[in-house]
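To start, the structure under review is shown below, and the notes come after it.
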Amino acid sequence: QVQLVESGGGLVQAGGSLRLACATSIGSFISYAMGWFRQAPGKEREFVATISRGGGATLYSDSVKGRFIISRENAKNMVYLQMNSLKPDDTAVYYCAAGSEMATTAIKYRFWGQGTQVTVSS
């Protein structure tokens, strides 16, 4: 059974940083592109960032570009999201996901974690 488990969320002041981690039990982790999505209360789940299988390509939403960095460690089956210069609008539950290719739409991802809460206070 494939599991994705996010960690690293919490409460931070605006301008601060957090690093999210996603541990996976995917046997062929390098076969999957990985993505981060987020969902704020009353809003739809939205794309944040994605990284290619080998880690050489990344893509970000305009709202986080220049502030967030996605990375992965294939030897450890881990993916990370470094979040800097956080804003109150970044408050959401953050989810990691695994899919066959880099994509900005949630439907393209096959496996999902349960999410970790990030709250940014003003």
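Just a few scattered comments:
- Here the label points at Thr58 and Ser71, each 7 Å from Cα along the C-beta direction, are separated by 0.8 nm in the simple model.
- Exposed-site-free run, longest, the chain (rule: GluC sites (Glu not before Pro); DSSP loop; at most 12 other C-beta within 10 Å): 45-100
- In the chain, a dipole from Cβ-located charges (positive for Lys and Arg, negative for Asp and Glu) runs towards its positive end, and of Val118, Ile107, Ser28 it is Ser28 whose Cα lies farthest in that direction.
- DSSP beta bridges confined to the chain are antiparallel in about 90 percent of cases.
- Residue of Gly55, Gly15, Gly35 that the Gaussian network model of the chain assigns the largest fluctuation, springs spanning Cα pairs under 10 Å: Gly15
- Computed about the Cα centre, the dipole magnitude for the chain is approximately 140 debye when only Lys and Arg (+1) and Asp and Glu (-1) carry charge, each at its Cβ.
- Projected over every direction and averaged, the convex hull enclosing the alpha-carbon atoms of the chain yields 6.8 nm².
- For the chain, built as a Gaussian network whose Cα springs stay under 10 Å, the top-fluctuating residue of Gly54, Gly16, Gly42: Gly42
We did not get these values from a lab; they are worked out from the coordinates using the rules stated. Quantities reported herein were computed from a predicted structural model and do not represent experimental measurements. A quick note on method: Cβ atoms are made from the backbone with ideal geometry, for glycine too, and the neighbour counts reach across all protein chains shown.
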